[in-house]
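In what follows, a single structure is set out as structure tokens and then discussed.
The values are calculated or read from the model by the stated rules, or taken from the named source; none is laboratory data. All values derive from a computational prediction rather than experimental measurement. Here Cβ is always computed from backbone atoms with ideal geometry, including for glycine, and neighbour counts include all displayed protein chains.
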Ligand code: GLN
């Protein structure tokens, strides 16, 4: 059987949830027994999002091989088993870089190098590379970032037009649009979707399916209108209405309308019954009313939901497993200097971050949790904060700091590794990707994971400075996880505290709704216990 390709484009407005929709379609195809792989194509010129401010781009998702990628790959990870690596995300910047490097090497043999065919060929190479990741892949889903009509999307659209031309019966084009409800007119409007489909037709792409993002399910009449004017069969017009309960309901909603069935028919794929039983069970628990557990996330980018996307999702997965209703209290670290600003949560998490802003509020949070036996989870920068707070307030080294913020500190408890000192470039130069971590028996981390060696993903430049190790240990800090016996500190815990754990890696990238991350589950259980006692 030939490999099948599904292209997902977006129209009308950005932020339609194309990543989520792509992931949900992947989820349904897997439930049908197919092996899928997903590619995100991003139209911006940055080579990767690694150097972008989270306010611009949201979280940077890191894969096992150390690629810094778009946050949609996090959705793919949480909804599917798609392999994820450097081939799973390509930006215009990367594609141009490849073509220009080839040109400099003389590989185009004197030809004029142009967007068409050289850039579009490179885009097509990226699509094929995803299909070749493993022998087993049946379907590749390609999500095109940006909105149809944007100038920068054009090379991608031209490339997928050609791809369809070359693999005609093996492709499906799905167009995700927005169907707004106009309150003043009391009507939903299909015109933006019609125009968006028209722009695609001008480029030579005829969508096979239209997926309409909307507030309420669409009537038959509206679907008929969209079908006629977008030139798509009525049975191929679907609505994807806002879900207020849980995003994990999206695949189930699409399945109810028969979306996966139609994709299989259009691609002539043998149809097995969808097995969604485990997913349905998880959603049923997620939406069942439960007692509230309030977790404070103290960070710099709390105004933007996407900046800590995987952290929020990992907390949510753990709370589903623990049968509690998660109430995340987003606390701006800049503003914290008194416990009243910490809003009496049952546990606190300090996520990753860079630079000086917000440090004091985070240190304050760690001190407050340590002194009051409140569960605390420090992730990456959060662990470094926990170390600095301990050095200052337990070891009496009042000026202790991370050299990231104070390069000349007398007590550099967080410092730079030798190999990092020589690096001048910013892009892709941190300690990135998956490394093993050896756990200390009896530690909280070991009890959570239930095994001796784990693999976790990293994205940081600074490390705990082992020169101070003994002194920390003497005062009750346990180095519960290290890269090798006695080397880089990966996990720090405070022994005489119910649950104060810091990790140098990013466990949130490896949490799924059906496989919540053990450390997040252990943290949520500790917060539960702090609130209601041992169950
Ligand atoms: N800024 C810190 C470092 O580079 C922490 C990074 C992070 O939290 N991802 O080490």
Problem - Filtered residue count, the range 243-287, keeping only those that are within 30 Å of residue 347 (Cα to Cα), assigned to a loop (DSSP other than H, G, I, E, B) and touching a residue at least 24 places away in the same chain (Cβ under 8 Å) - result: 2
Practice task
Give the residue that is surrounded by the most Cβ atoms within 10 Å (Cβ to Cβ), with candidates limited to residues of the range 347-358 that are part of a loop (DSSP other than H, G, I, E, B) and within 11 Å of the ligand (Cβ to nearest atom).
Solution key: 351
Exercise for the section: Output the number of the condition that residue 396 fails; it satisfies all remaining conditions of (1) touching a helix residue (DSSP H, G or I) at 6+ places or on another chain (Cβ under 6 Å); (2) away from the ligand (no atom under 11 Å from the Cβ). Expected result: (1)
Completion exercise
Those residues of the range 251-292 that are closer than 24 Å to residue 319 by Cα and in contact with a strand residue (DSSP E or B) (Cβ under 6 Å, 6 or more places away or on another chain) come to a total of 2
Fill in the blank from the handout: Exception for residue 488 within (1) within 16 Å of the ligand (Cβ to nearest atom); (2) within 30 Å of residue 20 (Cα to Cα); (3) surrounded by fewer than 22 Cβ atoms within 10 Å (Cβ to Cβ) falls at (2)
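May I ask you to say which residue of 479, 472 is in contact (Cβ under 8 Å) with a residue 40 or more places away in the chain, more than 16 Å from the ligand (Cβ to nearest atom) and either assigned to a helix (DSSP H, G or I) or farther than 22 Å from residue 60 by Cβ (or both)? Working first, answer last.
Numbers: 479 fails: in contact (Cβ under 8 Å) with a residue 40 or more places away in the chain.
Step by step, each of 479, 472 is checked, and only 472 is in contact (Cβ under 8 Å) with a residue 40 or more places away in the chain, more than 16 Å from the ligand (Cβ to nearest atom) and either assigned to a helix (DSSP H, G or I) or farther than 22 Å from residue 60 by Cβ (or both).
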Problem - From the options 533, 476, 502, residue that is at pLDDT below 95 and under 20 Å from residue 371 (Cα atoms) - result: 533
Problem - Per-region count, the range 36-77, residues within 13 Å of the chain's Cα centre (by Cα), in a loop (DSSP other than H, G, I, E, B) and without any contact (Cβ under 8 Å) to a residue 60 or more places away in the chain - result: 0
Handout entry: Residues within the range 79-102 that are surrounded by fewer than 24 Cβ atoms within 10 Å (Cβ to Cβ) and closer than 14 Å to residue 69 by Cα, tallied
Key = 8
Fill in the blank from the handout: Among (1) without any contact (Cβ under 8 Å) to a residue 12 or more places away in the chain; (2) more than 16 Å from residue 12 (Cα to Cα), residue 206 falls short only on (1)
Problem - Qualifying residue in the range 359-377 (condition: surrounded by fewer than 23 Cβ atoms within 10 Å (Cβ to Cβ) and within 13 Å of the ligand (Cβ to nearest atom)) - result: yes
Exercise for the section: Assess whether residue 307 counts as being within 16 Å of the ligand (Cβ to nearest atom), at pLDDT below 95, in a helix (DSSP H, G or I) and closer than 22 Å to residue 523 by Cα. Expected result: yes
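Would you mind finding the one in 335, 344 that is modelled with pLDDT under 95, away from the ligand (no atom under 16 Å from the Cβ) and on the phi > 0 side of the Ramachandran plot? So that I can check it myself, show each step before the final result.
Details: 335 fails: on the phi > 0 side of the Ramachandran plot.
The conditions single out 344.
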Handout entry: residue 437 in contact (Cβ under 8 Å) with a residue 12 or more places away in the chain, in contact with a strand residue (DSSP E or B) (Cβ under 6 Å, 6 or more places away or on another chain) and more than 14 Å from the ligand (Cβ to nearest atom)
Key = yes
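Please indicate, with yes or no, whether at least one residue in the range 154-164 is more than 24 Å from residue 267 (Cβ to Cβ) and in contact with a helix residue (DSSP H, G or I) (Cβ under 9 Å, 6 or more places away or on another chain). Write out each step before concluding.
Taking the range 154-164 as the starting set, the residues that turn out to be more than 24 Å from residue 267 (Cβ to Cβ) are 154-155.
Then drop every residue that is not in contact with a helix residue (DSSP H, G or I) (Cβ under 9 Å, 6 or more places away or on another chain), which leaves 154-155.
Yes; the residues of the range 154-164 include at least one that is more than 24 Å from residue 267 (Cβ to Cβ) and in contact with a helix residue (DSSP H, G or I) (Cβ under 9 Å, 6 or more places away or on another chain).
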Fill in the blank from the handout: With criteria (1) more than 16 Å from the ligand (Cβ to nearest atom); (2) under 24 Å from the mean Cα position of the chain (by Cα); (3) exposed (fewer than 12 other Cβ atoms within 10 Å of the Cβ), residue 426 comes up short on (1)
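Among the residues of the range 184-200, is any assigned to a strand (DSSP E or B), farther than 15 Å from residue 227 by Cβ and more than 28 Å from the chain's Cα centre (by Cα)? Before the answer, list the steps.
Of the residues in the range 184-200, the ones assigned to a strand (DSSP E or B) are 187-188.
After this cut, where a residue has to be farther than 15 Å from residue 227 by Cβ as well, the list is 187.
Then keep just the ones that are more than 28 Å from the chain's Cα centre (by Cα); that gives 187.
Yes, because at least one residue in the range 184-200 is assigned to a strand (DSSP E or B), farther than 15 Å from residue 227 by Cβ and more than 28 Å from the chain's Cα centre (by Cα).
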Problem - Failed item in (1) at pLDDT 95 or above; (2) more than 19 Å from residue 429 (Cα to Cα), with residue 58 passing the rest - result: (1)
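Would you pick out the residues in the range 440-468 that are within 16 Å of the ligand (Cβ to nearest atom) and farther than 15 Å from residue 506 by Cβ? Show your work before the answer.
Going residue by residue through the range 440-468, those that are within 16 Å of the ligand (Cβ to nearest atom) are 456-466.
Across the range 440-468, the qualifying residues are 464, 465, 466.
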Practice task
Return yes when residue 403 is within 15 Å of the ligand (Cβ to nearest atom) and surrounded by fewer than 18 Cβ atoms within 10 Å (Cβ to Cβ) and no when it is not.
Solution key: yes
Practice task
Scan (1) more than 22 Å from residue 12 (Cα to Cα); (2) surrounded by fewer than 20 Cβ atoms within 10 Å (Cβ to Cβ) for the single condition residue 221 breaks and write down its number.
Solution key: (1)
